[in-house]
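All remarks here apply to the structure that follows.
Derivation of every value follows stated rules applied to the coordinates shown; laboratory data play no part. Note that the coordinates shown come from a computational prediction; the quantities given were computed from them, not determined experimentally. Counting neighbours? That spans all protein chains shown, and the Cβs are built from the backbone with ideal geometry, glycine included.
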Amino acid sequence: MNISPLNICLLGVIGLVAAGFYGLLTTRNLIKVVIMLQILVKAAVLGLITAGNISGQLYVTQSMAITVIVADTIVAVIGMAFAIQIRRQVGTLDTNELSSLRG
Amino acid sequence: MTLPVWAWIIVLPLITSPLIYFIGHLGKSRGVFAQRTALLAFAATWAAFVLAAQDLQHNGISKLMVGSISLKFDGLSLLLAMIALVLGSFVVIFSGHYLADEEGQEKYYAMLMAMIGVMIGLGCTNDLFNLWIWFEAMAVTSYLLVAFYKDLPTSLEAGIKYLVQSAAGSTLVLLAIGLVVAETGALNLDEIRQTAESSPALMAAGILFVIGYGVKTALVPLHTWLPDAHSQAPSGISAMLSGIVIEAGLIAMLRSLSALSGVTTLWGPLLMSFGILNMVVGNLMAFGQAQVKRMLAYSSLVHVGYMLIGLGIAFSMRDVIGAQGGFFHMFNHGLMKGLAFLAAGSMLYTLHISKGDHRPLLFDDLAGAAKRYPWAALTLSIALLSLAGLPPLAGFMSKWQIFVAGVDTHNGWIIAVVAFAALNSVFSLTYYAPLVNTVYRCEPSAIVLSGKRLPVVMKLPLVLMALGIIAIGIWPSLMNWLTEPAGTALLAGLGG
C-alpha cells in the first residue's frame, strides 16, 4: 500500500476508533470515559472529512464536521456535569463502584 | 418565506420550550406556571397537527427546502408526531402533582417540550446528516430528563450509562454517514436510494446504522442502558422513553436503511433476527423482576421485537400489511406502555414519592392496591393485559396484524418466526398476570393502607388512555388514517 494522504487519513480513522473503543472498555475513570468518547468523535470527524475528499464534496463535509464538533461538545459538557455530580453525591469517579443498578 | 402548516408542529414546541423555562421563573410556584404554559403550547401544537394531518390526506406528501436541507412530511412523520403529542400531553397533565415537591420543574417541562419538538423534526427529515442532528438533539434532551433527580446516585448512574452508550452509538452513525458520502456523494435520502448499489462499504454503512441507532432502539445486546434509565427516570419520562424515544430511534434506523435498500436484501432478515433476540432476552429478563418499572422496561424490549418482526417482513417482502402492523403496534405500544408507566407512577407517587421517598416500586408494595386505588389498579391492569395481547384490547389487534402479515407471506421461515413471536406473547403473561393478581387478589399491604389519596388530575390521563386502548381494541380500523400512510411511506422509501 502506498502512503498517500488518503490512506493516512483512513488509517487515522481506524486507529482512533480502535483507541477510543479500547479505552472505553478498559478505563474505570468517568472523566477518562468522556475523553474516550471525544476520541471516538474525532475519528468520526476525520472520517467525514476523508469522505468529503473522496467524493469531492469537501465543502459539505467540512460544514458537517463543524456541526458535529458543536453537537458533541454539548454531549461532553453534559457528561462532565454528570461526572461532577456523581463525585459530589457518591464520592467517587470509579465506574466499578457505580454499579448499584443490576439485573 | 411562508412555512407550510406541518412545519409548525416542529417550530411551535421548539419556540415554546425556552418560553416555558422563562415563564416558569416568573412566579413563585415555578412548576405550576411552567406546566400551564406547556399545556397551552400543546394545545397550539395539536391545532397545527390536525391541520397538517388533513393537509397530508388531501394534498399528499409535501416537501420543504431549508437551505440545502430537505424536509418532508409523510406518513412516518405523521405517526411519530401523533405518538409524541398524545404521550406528551398526557405526561404533562400527569406530572403536575408527581413533581410538585421537586426542584427544577420549569427545566423539566422545557426539556420535555424540546424533546417533543426534536422528535417530530426527526420524523420529518429527508437528509441523512440532518437526521443525525435531530437524533443527537433528542439524545441530549433525554440524558437530562433521565437524570432529573440530580441528587440521587442511582439516577445519575442511569444517566451516565445512557449517555456513554448512546454517544458511542451516535459516533458509529457518523462513521456510517461518512461511508455513504464517500460512496454515493449524496446526503439526500432519495438521491442515495437512486445511486446506492451493492458494495462492501455500503453494507458496512448499513450495519453501522443498525448498531448506532440500535443503541437507542434498545436492540439486544445494546440494551443495557434501558432498564436503568427507564426505572430511574421520573415516571412521566419513563413513559416517554419507552413509548416514543426508542421508537424514534427505530424510525431513524428505518429511514437510513430504506435509503440503502438497493444494497442488499439482507436488511429484512437482519431486523427480524434482532426482533427474535429482543423478544427472547426481554421476556427472560422481565420474568422474575421484583421492581414494577424494571419489569415494564424489559417488556419494552419484547415489544420492540414485535415491531421489528412486522417491519422486517415489510423489508424482505415489500409487504405493506407488515409495515402497517409494525407501525400500528408502535402506536399501541406508546399508548399501552405509556399508560402502564403512568399508572405505576401514580402508585409510586401515592405510596413513596409523596412521602419524600425515592425507593423503587416493588411488586409486593402493590398488594391489594385495587381496594384503595380502584382506578389506578384498573388502568394498570388494562395496560398490562393489553401488553400481553389479550383480546379485545389494542395490543392484541396490532400483534394480530403482524402475525397475519407473516402468515400471508407463505414463506416457511417467516411463518416460523411469527409462530415463535406468538409463543413469546403467551409467555409474557407469566410476568404480567402475577402483577394483576397481586393488585386484585391480595389483602392490602401496610404500605398501601398508609398511602396518600390519588389526585383526580392524575387519574384523568390514566382513564383516557385506558379508554383509548379499549376503543382501538374494539374498532382497530379507527387508526387506519395513521397506520396506512405510515406503511405506504416506508414502502415508498424502499422503492416498492
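What number comes out for the charge environment of B:Ala38, summing +1 per Lys or Arg and -1 per Asp or Glu over other residues with Cβ under 13 Å away?
Values: positive: B:Arg30, B:Arg36, B:Lys107; negative: B:Glu106.
Residues near B:Ala38 contribute +2 overall.
Please compute one quarter of the surface area of the Cα convex hull for region B:413-496 and express it in square nanometres. Numbers along the way, then the final one.
Values: hull surface 38.9 nm².
With the hull built on Cα positions only, its mean projection is 9.7 nm².
Fewest to most neighbouring Cβ within 10 Å: what's the order for B:Phe420, B:Phe331?
Going from least to most buried by this count: B:Phe420, B:Phe331.
Could you list B:Met336, B:Met285, B:Met113 so that the one with the fewest beta carbons within 10 Å of its beta carbon is first and the one with the most is last? Please list the in-between numbers first.
Details: B:Met336 32, B:Met285 21, B:Met113 29.
Neighbour counts put them in this order, fewest first: B:Met285, B:Met113, B:Met336.
Across peptide A:79-87, what mean number of C-beta atoms from other chains lies inside 10 Å of a residue's C-beta? It would help to have the intermediate numbers written out before the result.
Details: counts 6, 0, 8, 12, 2, 0, 8, 6, 1.
Going residue by residue through A:79-87 and averaging, the value is 5.
Could you sort the peptides B:179-186, A:31-38 by per-residue average Cβ neighbour count (10 Å cutoff), highest mean leading? Display every interim value, and only then the final one.
Numbers: B:179-186: 23.0, A:31-38: 19.4.
Highest to lowest by the protection proxy: B:179-186, A:31-38.
Mind checking B:147-160 for the average number of partner chain beta-carbons within 10 Å of each residue's beta-carbon? Don't jump to the answer; show the numbers that get you there.
Numbers: counts 5, 0, 0, 5, 3, 1, 9, 5, 3, 10, 10, 2, 6, 12.
Neighbouring Cβ atoms belonging to other protein chains average 5 per residue here.
Enumerate by residue number the chymotrypsin sites (Phe, Trp or Tyr not before Pro) in region B:58-113 meeting two conditions: DSSP loop (anything except H, G, I, E, B), and at most 12 other Cβ atoms within 10 Å of the site's Cβ. Don't skip to the end; give the middle numbers.
Details: sites: B:Phe73, B:Phe90, B:Phe94, B:Tyr98, B:Tyr108, B:Tyr109; in loops: none.
Listed in order of number, the matching sites amount to none.
With charges set only on the Cβ (+1 for Lys and Arg, -1 for Asp and Glu), what does the dipole of the protein assembly as shown come to about its Cα centre, in debye to the nearest 20? Mind showing how you got there, number by number?
On the way: 30 positive and 26 negative charges, 244 e Å.
Result for the protein assembly as shown is approximately 1180 debye, rounded to the nearest 20.
For region B:265-496, what is one quarter of the convex hull surface built on the Cα atoms, given in nm²? Could the numbers behind the result be given before it?
Values: hull surface 49.4 nm².
Reported value for the Cα convex hull: 12.4 nm².
Set the Förster distance to 45 Å, then compute FRET efficiency between B:Thr195 and B:Ala290 from the Cβ-Cβ distance, nearest 0.05. Present the calculation step by step, with values, prior to reporting the outcome.
Working: r = 53 Å, r/R0 = 1.17.
With a Förster radius of 45 Å, E is 0.30.
Would you mind listing how long the protein assembly as shown runs along its three principal axes, going by Cα atoms, in whole Å with the largest first?
77, 58, 49
As a test of the formula, what do you get for chain B when each DSSP H run with n ≥ 4 contributes -39,500 (n - 2.57) and the sum is divided by the residue count, at 222 nm and rounded to the nearest 500 deg cm²/dmol? All intermediate terms of the calculation are to be shown ahead of the outcome.
Details: 22 runs with 376 residues, N = 496.
Theoretical 222 nm ellipticity from helices: -25500 deg cm²/dmol.
Rounded to the nearest 20 Debye, what is the dipole magnitude of region B:265-496 about its Cα centre when Lys and Arg each give +1 and Asp and Glu each give -1 at the C-beta? Before the final figure, lay out the partial values.
Working: 13 positive and 7 negative charges, 147 e Å.
With Lys and Arg at +1 and Asp and Glu at -1, about 700 debye.
If packing is taken as the average count of other Cβ atoms within 10 Å, what order do B:27-39, B:309-321, B:9-21 fall into, highest mean first?
Numbers: B:27-39: 18.8, B:309-321: 24.8, B:9-21: 21.2.
The packing order, highest mean first, is B:309-321, B:9-21, B:27-39.
I'd like the projected area of region B:342-466, averaged over all directions, using the convex hull of its alpha carbons. Report it in nm² with one decimal. Intermediate results must be reported in sequence, preceding the final value.
On the way: hull surface 33.9 nm².
Computed as one quarter of the Cα hull surface, the answer is 8.5 nm².
Between B:Arg318 and B:His58, how many nm apart are label points set 7 Å from Cα along the C-beta direction?
Placing both labels 7 Å along Cα→Cβ, they lie 3.3 nm apart.
If you put +1 on each Lys and Arg Cβ and -1 on each Asp and Glu Cβ, how big is the dipole of chain B around its Cα centre, in Debye rounded to 20? Mind dumping the intermediate values first?
Working: 24 positive and 23 negative charges, 228 e Å.
In total the dipole reaches around 1100 debye.
Once both axes come from the Cα atoms, what is the angle between helix B:412-427 and the longest principal axis of chain B, in degrees from 0 to 90, rounded to 10?
Its long axis makes an angle of about 10 degrees.
Just subtract the alpha-carbon distance of B:Thr224 and B:Leu152 from 0.36 nm times their residue separation and send over the number in nm, one decimal. Walk me through the numbers on the way to the answer.
Working: separation 72, 0.36 × 72 = 25.92 nm, distance 1.98 nm.
Stretched out fully, the B:Thr224 to B:Leu152 stretch lengthens by 23.9 nm.
Helix B:429-441: angle to the longest alpha-carbon principal axis of chain B, degrees 0 to 90, nearest 10?
20 degrees
How many percent of Cα pairs in region B:165-238 exceed 17 Å?
Details: 1402 of 2701 pairs.
The share of Cα pairs beyond 17 Å in region B:165-238 comes to 52 percent.
Describe numerically, in nm with one decimal, the distance between label points set 7 Å from Cα along Cα→Cβ at A:Leu25 and at B:Val426.
Each label point lies 7 Å from its Cα, and together they span 4.0 nm.
Checking the table B:Lys107/B:Lys452; B:Lys63/B:Lys216; B:Lys216/B:Lys337; B:Lys399/B:Lys459; B:Lys107/B:Lys150 against a 19 Å threshold on Cα-Cα, which pairs fail? Please report the intermediate quantities before stating the final value.
Values: B:Lys107/B:Lys452 27 Å; B:Lys63/B:Lys216 27 Å; B:Lys216/B:Lys337 17 Å; B:Lys399/B:Lys459 28 Å; B:Lys107/B:Lys150 12 Å.
Distance filter (> 19 Å) returns B:Lys107/B:Lys452; B:Lys63/B:Lys216; B:Lys399/B:Lys459.
Could you work out the mean count of beta carbons from other protein chains within 10 Å of each residue's beta carbon in B:51-57? Before the final figure, lay out the partial values.
Numbers: counts 0, 0, 0, 0, 0, 0, 0.
The mean count of partner-chain Cβ atoms within 10 Å per residue comes to 0.
If each of B:Asn411 and B:Trp481 carries a label point 7 Å out from its Cα toward its Cβ, how far apart are those two points in nm?
Taking the simple label geometry, B:Asn411 and B:Trp481 are separated by 3.4 nm.
Just to confirm the number: angle between the C-alpha axis of helix B:75-98 and the first principal axis of chain B, 0 to 90 degrees, nearest 10?
It works out to around 20 degrees.
Compare the Cα positions of A:Leu48, B:Thr37, B:Leu187 along the charge dipole of the protein assembly as shown (+1 at Cβ of Lys, Arg; -1 at Cβ of Asp, Glu; about the Cα centre) and return the one farthest towards the positive end.
Result: B:Thr37, furthest along the dipole toward the positive end.
What is the percent of Cα-Cα separations in chain B that go past 40 Å?
Details: 18289 of 122760 pairs.
Summing the P(r) tail past 40 Å for chain B gives 15 percent.
Any idea which of B:Gly451, B:Gly406, B:Phe363 is furthest toward the positive side of the dipole for chain B, if Lys and Arg beta-carbons carry +1 and Asp and Glu beta-carbons -1?
B:Gly451
To make sure I understand the rule: partners must be aspartates and glutamates, Cα under 15 Å from the Cα of B:Lys293, and not fewer than 8 residues away in the same chain. Which ones qualify?
In chain and number order, the partners are B:Asp228, B:Asp364, B:Asp365.
What FRET efficiency would be calculated for the residue pair B:Ser450, B:Leu14, taking the C-beta separation as r and a Förster radius of 35 Å, to the nearest 0.05? Let's see the in-between values first.
On the way: r = 44 Å, r/R0 = 1.24.
Computed FRET efficiency for B:Ser450 and B:Leu14: 0.20.
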